[in-house]
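**Student:** Pasting in a structure now, in structure tokens, and then I'll have a few things to ask.
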Amino acid sequence: MSGTALDPRTAPVFPMAARSAMGDTQLRKNVRHATDVIQGKRARVVGEMPDWQELREAGKRIRQHTMAHLDVYLEEFERNCTKAGGVVHWARDAAEARRIIVDLVKATGSDEVIKIKSMTTEEIQLNPALEAAGIHPFETDLAELIIQLGEDQPSHIVVPALHKNRQQIREIFRTKMNLPELGERPQDLADAARMFLREKFLRVKTGVSGANFLIAETGGVCVVESEGNGRMCLTLPETLITVAGIDKVVPRFQDLEVLLQVLPRSATGERMNPYNSIWTGVDAADGPKAFHIVLMDNARTEILADAEGRQTLNCIRCGACQNACPVYRQTGGHAYGSVYAGPIGAILTPQLMEMEHAQSLPYASSLCGACYEVCPVKINIPEVLIHLRNKVVEQNGMRNVEALAMRAMGMIFQSERRFRAAQRMGRIAESPLVRKDGQGQGWIGWLPGLLGGWTQVRDLQSMPKETFRDWWEKRGTDGK
Ligand code: SF4
């Protein structure tokens, strides 16, 4: 039922994908409208908090402290979760996580699972693996349901169907739910989804969830959501399987006091998530009778070992950086070729994958800093982007034409004589490419070969006939 998974190993590079996304005016309109609305709501509820900057600082410190002692808190979580009746599994990578989950579902005898939104299951491409094993996954988060029925892919970490408008959603529901008379009011769409999902909630005996936070002190797991569908998934099945990156752990229950204030405000502009579910192991009288949690590394320890890249793991997946990013707002999420799009995707994906599969992503930013300003845990995304660009250059080494060109530029800038000669040469070399406007101004709309990158999305001014230095020298010492 699902479309082709977003995979940086097979996706086109960002500039190519962005070019085709920018040709889709409906998509751009949808993304712009949705991010405008969310940003407006966020600004209102953040503005109500006189201690917002202190909260951000507290969030940052909690996450930094956790990452500095991740091994300790993970072991503490394992001990407390096991004590409460949960079963903890460790997965080194995506393949191992998929295998563990598929085996656990098979052991229940179920050939269907209900799922609550989890970017981690998207990261490990769990749905295709379940389908290959003859197990049908039903997404129950409304946005994920739209994506699944539309055979599409998520384009935002909090609002996965942000690129779809109401009419497009109605069309998906009308055809895939076989409801030819379906209206287009939000209420009509919500009712259709409710009817469709209720039957699944009551029938399917195995649930798969993600996690927003893992609480080391209690062994509890926390999921926040807006619809209540998550809570159905977490409480109705007989077996619940949760998959979470090892970076999701927090030390104490009280840390949620900070994180559950900054997360909903940053994510959806809500003061509080309508549903905050926290469960700890199993209970004979209530909820699932078996609880498994898969703690997945998948390159996170490598990120942790990188002093500059490490802050990426502080992310609490609020999506605020995506909404604020001028690049994401033009292209939408699919152009990033990964389930993690926008600024956080541009730093997380190249670190999760081997960099060679995502070399264009650290460049998918104007470095304007809007992402850093809105991040509720103060991740300095521009700093990490530059760090990763440096890695890309190092990885490509001498083979890269751009690196050679930059080295040549460096030599030119070191010598005034060479610099002046290069200016003269440049003026001669550009002359066949320069076009004139009515005022005698010249501009270049196209450059050949590799240089074409400079004119791909804008015209270049031609070089002035006289340089500032020439002009200055001509003035003479009396300043006239
Ligand atoms: S990097 Fe910051 S703003 Fe972006 S999703 Fe993560 S926590 Fe939110």
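**Student:** Tell me which of these Q26 doesn't satisfy, since it passes every other one: (1) open to solvent by less than 60 Å² (accessible area, probe 1.4 Å); (2) polar (S, T, N, Q); (3) farther than 20 Å from V221 by Cβ.
**Tutor:** Against the list (1) open to solvent by less than 60 Å² (accessible area, probe 1.4 Å); (2) polar (S, T, N, Q); (3) farther than 20 Å from V221 by Cβ, Q26 comes up short only on (1).
**Student:** Next up: Can you report the number of residues in the range 419-448 which are open to solvent by less than 80 Å² (accessible area, probe 1.4 Å) and closer than 13 Å to E466 by Cα?
**Tutor:** So the answer is 4.
**Student:** Take the conditions under 24 Å from S365 (Cβ atoms), not acidic (D, E) and not assigned by the TED database to the domain that holds Q261 and apply them to R9. Does it pass?
**Tutor:** Working: under 24 Å from S365 (Cβ atoms): yes; not acidic (D, E): yes; not assigned by the TED database to the domain that holds Q261: yes.
So R9 fits the description; yes.
**Student:** State which residue is surrounded by the most Cβ atoms within 10 Å (Cβ to Cβ) when the search covers only the range 282-297 and only residues that are of a type outside the set (D, E, K, R) and closer than 15 Å to A244 by Cα.
**Tutor:** M296
**Student:** For the range 423-446, check the following and say yes or no: at least one residue is modelled with pLDDT under 85, among the aromatic types (F, W, Y) and closer than 25 Å to M22 by Cβ.
**Tutor:** No, the range 423-446 has no match at all.
**Student:** Hey, another quick one. Would you check if K83 is open to solvent by 30 Å² or more (accessible area, probe 1.4 Å) and closer than 15 Å to P137 by Cα?
**Tutor:** Details: open to solvent by 30 Å² or more (accessible area, probe 1.4 Å): yes; closer than 15 Å to P137 by Cα: no.
When the stated conditions are applied, K83 does not pass them.
**Student:** Shifting gears a bit: In the range 383-392, which residue that is open to solvent by 20 Å² or more (accessible area, probe 1.4 Å) and not basic (K, R) is modelled with the lowest pLDDT?
**Tutor:** N390
**Student:** Can you tell which of A284, A290, A305 is modelled with pLDDT under 95 and among the hydrophobic types (A, V, I, L, M, F, W, C)?
**Tutor:** Result of the check over A284, A290, A305: A284.
**Student:** Further question on the same structure: Tell me, please, whether a residue that is more than 19 Å from H334 (Cβ to Cβ), basic (K, R) and touching a residue at least 60 places away in the same chain (Cβ under 8 Å) can be found in the range 28-39.
**Tutor:** no
**Student:** Okay, moving on. Identify, please: which residue in the range 97-113 is open to solvent by 30 Å² or more (accessible area, probe 1.4 Å) and touching a residue at least 60 places away in the same chain (Cβ under 8 Å) and is, among those, farthest from the chain's Cα centre (by Cα)?
**Tutor:** Per the stated criteria, the residue is T108.
**Student:** Counting only residues that are assigned to a strand (DSSP E or B) and either under 26 Å from the mean Cα position of the chain (by Cα) or among the aromatic types (F, W, Y) (or both), how many does the range 237-258 have?
**Tutor:** 8
**Student:** Same structure, new question: For Q26, which of the numbered conditions (1) modelled with pLDDT of 95 or more; (2) polar (S, T, N, Q); (3) more than 26 Å from T301 (Cα to Cα) fails to hold?
**Tutor:** Exception for Q26: condition (1).
The rows are residues; the columns are (1) open to solvent by less than 20 Å² (accessible area, probe 1.4 Å); (2) in contact with a strand residue (DSSP E or B) (Cβ under 9 Å, 6 or more places away or on another chain); (3) under 16 Å from P8 (Cβ atoms).
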site	(1), (2), (3)
I347	yes, no, yes
L352	no, no, yes
L367	no, no, no
Y372	no, no, no
E394	no, no, no
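**Student:** Restricting attention to the range 354-365, which residues are surrounded by fewer than 23 Cβ atoms within 10 Å (Cβ to Cβ) and either assigned to a helix (DSSP H, G or I) or within 14 Å of the ligand (Cβ to nearest atom) (or both)? It would help to see each step written out before you state the result.
**Tutor:** Going residue by residue through the range 354-365, those that are surrounded by fewer than 23 Cβ atoms within 10 Å (Cβ to Cβ) are 354-357, 359-360, 363.
Passing the criteria: M355, E356, H357, Y363.
**Student:** Further question: What is the number of the single condition among (1) at positive phi; (2) within 16 Å of the ligand (Cβ to nearest atom) that C321 does not meet?
**Tutor:** Going through the list (1) at positive phi; (2) within 16 Å of the ligand (Cβ to nearest atom), C321 breaks only (1).
**Student:** Quick one: is L55 within 30 Å of A307 (Cβ to Cβ), open to solvent by less than 80 Å² (accessible area, probe 1.4 Å) and of a type outside the set (D, E)?
**Tutor:** Yes, satisfied.
**Student:** Cβ-Cβ distance below 9 Å, separation of 6 or more or different chains: which pairs start in the range 266-281 with a residue that is farther than 19 Å from D141 by Cα and end on one that is within 15 Å of the ligand (Cβ to nearest atom) and among the charged types (D, E, K, R)?
**Tutor:** S266/R42; R271/R265
**Student:** Which of the following residues is open to solvent by less than 50 Å² (accessible area, probe 1.4 Å), over 13 Å from the mean Cα position of the chain (by Cα) and away from the ligand (no atom under 16 Å from the Cβ): T268, T331?
**Tutor:** When all the criteria are applied, what remains is T331.
The values are calculated or read from the model by the stated rules, or taken from the named source; none is laboratory data. Predicted model, so just to flag it, every value in this text is computed and none were measured. Methodologically, a virtual Cβ is constructed for each residue, glycine included, from the backbone with ideal geometry; neighbour enumeration extends over all protein chains shown. Calculation scope for accessible area: heavy atoms of the full protein, side chains included, ligands and nucleic acids excluded. Shrake-Rupley method; radii C 1.70, N 1.55, O 1.52, S 1.80 Å.
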